[in-house]
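Quick notes on the structure that follows.
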Amino acid sequence: QITTLLLRDSYWSVKFLETMHRVAEDSPHAAALAVRAGLDVELPETVAYNDLPAAVRASILSEADLDESVRRVVTQKIELGLLDEPWSQDHIDKQRDLDSPRNREIARDMADESIVLLKNDGILPLKPSQKAAIIGPTWAEVRSFLGCYSFPNHVLSRYEDQGTGLDIRSLEQTLPTIFTQAPVFEKGTGFLDGDDDAFTRAVAVAREADIAVVTLGDIAGLFGGGTSGEGCDVVDLSLPGRQGELLNAILDTGTPTVVVLVTGRPYALGEYADRCAAIIQAFMPGVEGAQALTDVLSGKTNPSGRLPIAI
């Protein structure tokens with residue numbers, strides 16, 4: 001039973017018996033092998049199991065084996081009450097709050113305790129009187145706080161008009177609370193893409209500021225749809241896209257620079273570290289990430305996170 005439950009979460013595993021592992025001659029053969037091994041459900045979609053009738057006709061799977069697999073699925077549904085009358089019963093508990101104040105408290109605690117201060121030459125906490133330039137892609141995109149299997153990234157990223165489904169504050173909303181004079185925001189570059197004009201504007205505002213807060217990092221996605229996440233492997237640990245180039249250009253202005261990293265993996269910082277006034281590392285801090293990062297920068301929170309890896 002344990003093996004079956006584990007296999008049920010193995011996406012495309014049945015078809016992979018043919019296409020990846022090469023232990024099945026074709027799709028019907030893969031389906032037959034999986035059913036006989038006790039795999040009752042194919043996820044995330046029905047591919048090889050469309051060929052179960054062909055497997056039975058070819059006598060590589062018996063009707064008895066197929067009946068037993070169906071029996072296990074139906075039995076589980078009965079035990080869970082999914083087949084109880086009335087058939088139109090709504091099983092959704094509309095009274096349950098999935099974004100309750102208590103859940104937010106937990107999210108905030110996790111964010112507070114996970115943020116790591118990598119370097120501080122004394123520039124932190126930031127001073128309200130400073131003229132600040134906020135630069136980089138992370139301040140403008142709250143999805144950077146979330147991993148690739150969070151619902152806003154996993155599903156809603158394909159439906160941009162649907163938003164994030166949650167109230168997630170951005171650094172653009174929280175960072176101005178630190179300063180008496182409104183900071184200037186410029187992206188400079190996207191997570192992977194960017195244009196020269198935006199790059200030039202970012203360098204210009206940094207040059208005119210007392211302090212540059214450079215917010216860099218990842219946007220999670222799947223199989224190349226992001227800079228971090230499942231199937232988003234990289235050949236080295238350079239900052240994604242033009243982000244490293246942007247950071248170097250900001251550092252070249254001579255303006256004291258605080259780097260805020262919101263990432264899904266460690267990045268190589270040796271090229272920049274000695275020239276940065278401070279570096280903060282947050283590993284996708286969740287829905288309360290913006291305020292947690294802001295409170296670290298302002299000194300309201302003393303960062304207590306520790307690294308499970310070396311940077």
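The values are calculated or read from the model by the stated rules, or taken from the named source; none is laboratory data. It should be emphasised that the depicted structure is a prediction, and the values quoted were computed from it without experimental measurement. All Cβ positions, glycine included, derive from the backbone under ideal geometry; neighbour counts span all protein chains shown. Please note that ligands, DNA and RNA were not included when accessible areas were found on the heavy atoms of the full protein model with its side chains. Shrake-Rupley method; radii C 1.70, N 1.55, O 1.52, S 1.80 Å.
Please report, as a whole percent, how much of the solvent-accessible surface of the range 176-223 comes from carbon and sulfur atoms (probe radius 1.4 Å). All intermediate terms of the calculation are to be shown ahead of the outcome.
Details: 1120 of 2230 Å².
Carbon plus sulfur share of accessible area: 50 percent.
Return the distance in nm (one decimal) between the two label points of a simple spin-label model at residue 268 and residue 20, each offset 7 Å from Cα along Cα→Cβ.
2.9
Taking only protein heavy atoms and a 1.4 Å probe, what accessible area per residue, in Å², does the range 178-311 have with all protein chains in place? Show your work: numbers first, answer last.
Working: 5660 Å² over 134 residues.
Result: 42 Å² per residue.
Could you look at the range 75-174 and say what percent of its accessible area is carbon and sulfur, using a 1.4 Å probe and all protein chains?
Roughly 51 percent of what the probe reaches on the range 75-174 is carbon or sulfur.
Please say if the range 219-284 is rounded, prolate or oblate, where rounded means a/c under 1.5 for a ≥ b ≥ c the square roots of the C-alpha gyration tensor eigenvalues, and otherwise the choice is prolate for a/b larger than b/c and oblate otherwise?
Numbers: a/c = 2.52, a/b = 2.05, b/c = 1.23.
Cα axes put the range 219-284 in the prolate bin.
Using a Förster radius of 22 Å, what is the FRET efficiency between residue 173 and residue 204 based on their Cβ-Cβ separation? Nearest 0.05, please. Walk me through the numbers before you get to the answer.
Numbers: r = 24 Å, r/R0 = 1.08.
Once rounded, the FRET efficiency stands at 0.40.
With every protein chain left in place, what is the accessible area per residue of the range 116-160 in square angstrom, probe 1.4 Å? Could you put the intermediate results ahead of the total?
On the way: 2050 Å² over 45 residues.
Per-residue value: 46 Å².
Lysine pairs in the chain 8 or more apart or on different chains: how many have alpha carbons under 30 angstrom apart?
So the count of such lysine pairs works out to 11.
For the chain, what ratio Rg/Rh do Cα atoms give with a Kirkwood hydrodynamic radius?
Details: Rg = 25.3 Å, Rh = 22.7 Å.
My calculation puts Rg/Rh at 1.11.
Any chance you could look up the accessible area of residue 267 with a 1.4 Å probe, heavy atoms only, rounded to 10 Å²?
Accessible surface of residue 267 is approximately 10 Å².
Take the alpha carbon gyration tensor of the range 160-311, find the square roots of its eigenvalues, order them as a ≥ b ≥ c, and report rounded if a/c is under 1.5; if not, report prolate when a/b exceeds b/c, else oblate.
rounded
Please work out the FRET efficiency for the pair residue 300 and residue 182, using the Cβ-Cβ distance as r and a Förster radius of 25 Å; give the result to the nearest 0.05. Present the calculation step by step, with values, prior to reporting the outcome.
Numbers: r = 19 Å, r/R0 = 0.78.
It comes out at approximately 0.80.
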